[in-house]
Amino acid sequence: MINGSPEGFFSICGGLRQGDPLSPLIFVLIEDILSRNVSKLFARHSMHVMVRKKGVAPTYLLFADDILIFCRGNLLRLQNLRKLLDMYQAASGQSVNYVKSKFYYGGDSDSRAIAISNYLGMERALFPDRYLGIQLKPGIVRHIHDRKVVEKIMDKLAGCKGKLLSFQASLFLIRSVISIYVIHSMVVYIWPCTIIKQVERAIRNFLWSGDAEKRRYFMVLYDSMCCSRRESVLGINKLLDVNEAMLMNLWVTIRDSDKIWARFLRAKYFKINGNLIDRKLGFLGFSGN
């Protein structure tokens, strides 16, 4: 069975077993070839950059087997990209899944977007959208855009029989849920206060009653529990503190990193003297893109 449908005979040949530690190394080496050739397309002006700030222009981002390319929607330039991908597939044996791929387009007519979709064989995506589990949208992330995170946390806690768990097991489950569903997105943007209150309310209810939606009188104030275990308390972190710590880490990375994405954000949101541009829309909300 290949992709859910039966296939014919295939011969046995030499190769790497699934999970072989050499496989990721070979994959990275092949991806490096793709990375260099995409850079050559922009260097030779076979493709044009999408946006430029103070001489810094992002061209592409690679994360594992995902690649995000920033370019203009000129059909001739897209033909050059398509030729490169065809050559890459023939040389590496890897295949680009155009059905699962998508493109973002703006600033021109819908007929141009339809032509690009037909040529690339990709679906056009619209904002808000998700990439690597992170909400992508212009502007500030609001409660309505992050409600799915709350729903996942509620479903996870509801699927566990909290009343049958010991207090220590419930506490361990809460920590694991926070680390899976919360921290991943808190690294990127500021969480709305409404979302933080809903998640912390579900945590309190599950800890004391075994049900995320059932309220019970608390034995200990929640703020008293949110201290380190060195102070002989439960060691649950306040989500607001976690969010601020994660964003400060992102701030330091943007300030000190020499990578293109960090230099682009500095060029967009910093003045020449190094001070932040005074805007109501903070740059931390944009960095998820």
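The values are calculated or read from the model by the stated rules, or taken from the named source; none is laboratory data. Keep in mind that what you see is a predicted model, and the values were worked out from it rather than measured. Heads up, the Cβs are rebuilt from the backbone with ideal geometry, glycines too, and the neighbour counts pull from every protein chain shown. For accessibility, only protein heavy atoms count, side chains too; no ligands or nucleic acids. Shrake-Rupley method; radii C 1.70, N 1.55, O 1.52, S 1.80 Å.
Rolling a 1.4 Å probe over the protein heavy atoms of the chain, with every protein chain left in place, gives an accessible area that is 56 percent carbon and sulfur. Each DSSP beta bridge with both residues in the chain is either parallel or antiparallel, and the antiparallel ones are about 75%. In this structure, the amide hydrogen of R72, modeled 1.01 Å from its nitrogen in the peptide plane, lies closer than 5 angstrom to those of H48, M50, counting only residues at least 5 positions away or on a different chain.
Building the convex hull from the alpha-carbon atoms of segment 58-184 and averaging its projection over directions returns 11.4 nm². Here the relative contact order of the chain, from alpha carbon pairs under 8 Å that lie six or more residues apart, stands at 15 percent.
Here segment 82-104 and segment 148-207 have alpha carbon centers that stand 39 Å from each other. Check which residues have an amide H placed less than 5 Å from F270's amide H, if you skip close sequence neighbours. Answer set, sorted by chain and number: I277. Each residue of segment 148-158 was assigned a 3J(HN,Hα) from its phi angle through the Karplus expression (A = 6.51, B = -1.76, C = 1.60, θ = phi - 60°), giving 5, 5, 5, 5, 5, 5, 5, 5, 5, 5, 5 Hz with x at Gly and Pro.
Once you divide the Cα radius of gyration of segment 1-135 by 2.2 N^0.38 Å, the number left is 1.22. Using a Gaussian network model of the chain whose springs link C-alpha atoms within less than 10 Å, name the residue from R77, R36, R175 with the highest mean-square fluctuation. Of R77, R36, R175, the most mobile in the Gaussian network model is R36. Listed by chain and number, the aspartates and glutamates whose C-alpha is less than 17 Å from the C-alpha of K83, apart from same-chain residues fewer than 8 away, are E31.
What translational diffusion coefficient, in µm²/s and rounded to a whole number, does the Stokes-Einstein relation yield for segment 69-123 at 25 °C and a viscosity of 0.890 mPa s, taking the hydrodynamic radius as the Kirkwood radius over Cα pairs? Value of D from the Cα-based Kirkwood radius: 204 µm²/s. For segment 1-144, averaging the sequence separation of C-alpha pairs within contact (under 8 Å, six or more residues apart) and dividing by the residue count gives a relative contact order of 13 percent.
With all protein chains kept in place, the per residue accessible area of the chain amounts to 66 square angstrom at a probe of 1.4 angstrom.
Whenever you get a sec, line up I190, I116 from highest to lowest accessible area (probe 1.4 Å, protein heavy atoms).
Ranked from most to least accessible, the order is I190, I116.
Only aspartates and glutamates eight or more places from K102 in sequence, or on another chain, were considered; those with a Cα closer than 15 Å are D65, D66, E123, D129.
Charge dipole (Cα centre; +1 on Lys/Arg Cβ, -1 on Asp/Glu Cβ; no other charges) of segment 80-183 amounts to roughly 360 debye.
Excluding residues on the same chain fewer than 8 positions from K148, give the lysines whose Cα lies under 19 Å from its Cα. Once the sequence-local lysines are set aside, what remains near K148 is K137, K156, K197.
The value of relative contact order for segment 74-190, using C-alpha pairs under 8 Å at least six residues apart, is 17 percent. Between L247, L29, L16, which gets the highest mean-square fluctuation from a Gaussian network model of the chain, Cα cutoff 10 Å? Checking each option, the largest mean-square fluctuation is seen for L16.
Take the Cα radius of gyration of the chain and divide it by 2.2 N^0.38 Å, N being the number of residues; the result is 1.25. Separation of segment 29-74 and segment 257-273 by C-alpha centroid, Å? Going from one Cα centre to the other spans 18 Å. Considering only N237, N80, N97, the mean-square fluctuation computed in a Gaussian network model of the chain, springs between alpha carbons under 10 angstrom, is largest for N97.
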